[in-house]
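The next block holds one structure in the form of structure tokens; read it before the comments.
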Amino acid sequence: MNRNFVACSLGALLFALSVSAQAQQPKKVPRIGYLSATDPASDSARSEAIRLALRALGYTEGQNIATEYRYAEGKPDRLPALAAELVRLKVDIIVVAGADTAMRAAKNATKTIPIVMVGAGLDPVEAGYVESLARPGGNVTGLTSLGGELGGKRLELFKEAVPKVTRVAVLYDPATPDSVHDVKEVLPVAARALGLTLRSWEVRAAEDFDKVFAAISKWRPDGLYVPRRSPLMRDNEKRIVGFGLKSRLPSAYGGRVSVDAGGLMSYGPDPADSYRRVAVYVDKILKGAKPADLPVEQPTKFELVINLKTAKQIGITIPQRVLGRADKVIK
């Protein structure tokens, strides 16, 4: 009887030790791959907003989640290698920040790791990222920014804000697919409806700007339109904004960062709302949801930003009805 008691006690002890050992096994910390076409400084507002949104959902960096950041530093040809590196690290999810070039690199790198896109500008169905918005069907989901579709609305608001505009110079980076779509497909239709004459100029490298600015000045436009903030455009933003101010050209941009820098106006999706939604996608996937079953979301919040300081500097008056619709006015 004593022998049985000892055996039972020993068994119980071994079981308890086994359970305790299992309990002390560290849980696997999910790893997020973050792929951006830009650099850490330029992307910091977006990456930090996503980090804070994840924290609000209970994910603390370094404790129960880890992020592997990879930046192409404005060099699109680096993106395939960076995407492949994240796949080799066996991250649980790849978050692709913004650029369609980065989305293509991630999509080509893996058909199994879930990919969450953050505001890709091209139509994700036409681009081949997903089968449909409602049922993506593969390993990609997330948010699309409706980049091209917003071009017509942005041009319309530009005309409302500056009624005298009739000749608009369009400055774009042909390495950005959604800018090309905007310039070739969307803007000409909107311009015809608004009675505007458009002429577009490509900028492929930093050394092209002075030559392009000279050509634009020779054409004598009365408005400047920059559809997308690509890495090249971002790195030369002060030059673009400075050209507009020096030439006293009203200017319209795809995002508020350019208006904060001195551009006249912008219209686009509210970035803060988009970044919050990205965190929700990551949370759902980490809890077992499949990207194929998570519908791709389109923006629901948009913002019109107007810089009155710039308006005063270039000598124009924004109609009150337009100012009344603005989400932010810089005075």
Review point. Of all residues in segment 124-148, which are touching a residue at least 24 places away in the same chain (Cβ under 8 Å) and over 25 Å from ALA279 (Cβ atoms)?
Key: GLY148
Review point. For segment 278-299, which residues satisfy the criterion of being in contact (Cβ under 8 Å) with a residue 12 or more places away in the chain and of a type in the set (A, V, I, L, M)?
Key: VAL278, ALA279, VAL280, VAL282, ILE285, LEU286, ALA292, LEU294, VAL296
Check your understanding: Does segment 74-91 contain any residue that is open to solvent by less than 70 Å² (accessible area, probe 1.4 Å), assigned to a strand (DSSP E or B) and out of contact with any Ser or Thr (no Cβ under 6 Å at 6 or more places or on another chain)?
Key -> no
Study note, to complete from the structure: Residues in segment 272-331 that are in contact with a Pro (Cβ under 9 Å, 6 or more places away or on another chain) and of a type in the set (Asp, Glu) total 3
**Study point:** Residue list for segment 180-216, filter: polar (S, T, N, Q) and either under 26 Å from the mean Cα position of the chain (by Cα) or closer than 17 Å to GLY254 by Cα (or both)
**Key:** SER200
Exercise for review: Answer with yes or no whether ASP273 is without any contact (Cβ under 8 Å) to a residue 40 or more places away in the chain, part of a helix (DSSP H, G or I) and within 22 Å of the chain's Cα centre (by Cα).
Suggested key: yes
Study note, to complete from the structure: When segment 150-161 is checked residue by residue, the ones that are open to solvent by 10 Å² or more (accessible area, probe 1.4 Å) and in contact with a helix residue (DSSP H, G or I) (Cβ under 7 Å, 6 or more places away or on another chain) are GLY152, GLU156, LYS159, GLU160
Check your understanding: With respect to LYS153, is the statement that it is assigned to a helix (DSSP H, G or I) and modelled with pLDDT of 95 or more true?
Key -> no
**Study point:** Subset of segment 24-43 [exposed (fewer than 12 other Cβ atoms within 10 Å of the Cβ) and assigned to a helix (DSSP H, G or I)]
**Key:** GLN24, PRO40, ALA41
Point to revise | Residue in segment 92-104 that is modelled with the highest pLDDT, counting only those that are in a helix (DSSP H, G or I) and open to solvent by 10 Å² or more (accessible area, probe 1.4 Å) | key: ARG104
**Study point:** Single condition VAL165 does not satisfy, out of (1) under 19 Å from VAL259 (Cβ atoms); (2) open to solvent by 30 Å² or more (accessible area, probe 1.4 Å); (3) in a loop (DSSP other than H, G, I, E, B)
**Key:** (2)
Check your understanding: Only one of these conditions is not met by VAL116: (1) at pLDDT below 95; (2) crowded, with 16+ Cβ neighbours inside 10 Å; (3) not in a helix (DSSP H, G or I). Which number is it?
Key -> (1)
Review point. In this structure, does THR317 turn out to be surrounded by fewer than 21 Cβ atoms within 10 Å (Cβ to Cβ), in contact with a helix residue (DSSP H, G or I) (Cβ under 8 Å, 6 or more places away or on another chain) and either in a strand (DSSP E or B) or at pLDDT below 95 (or both)?
Key: no
Practice item. For residues that are farther than 17 Å from GLY151 by Cα and of a type in the set (Phe, Trp, Tyr), tally how many sit in segment 244-274. Key: 0
Point to revise | Scope segment 34-74; condition acidic (Asp, Glu) and more than 26 Å from MET233 (Cβ to Cβ); matching residues | key: GLU61, GLU68
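The values are calculated or read from the model by the stated rules, or taken from the named source; none is laboratory data. Every value quoted in this text rests on a predicted model; they were computed, and no experiment measured them. Here the Cβ is made from the backbone with ideal geometry for all residues, glycine too, and neighbour counts use every protein chain on show. Surface areas here come from the heavy atoms of the whole protein model, side chains and all, with no ligands, DNA or RNA. Shrake-Rupley method; radii C 1.70, N 1.55, O 1.52, S 1.80 Å.
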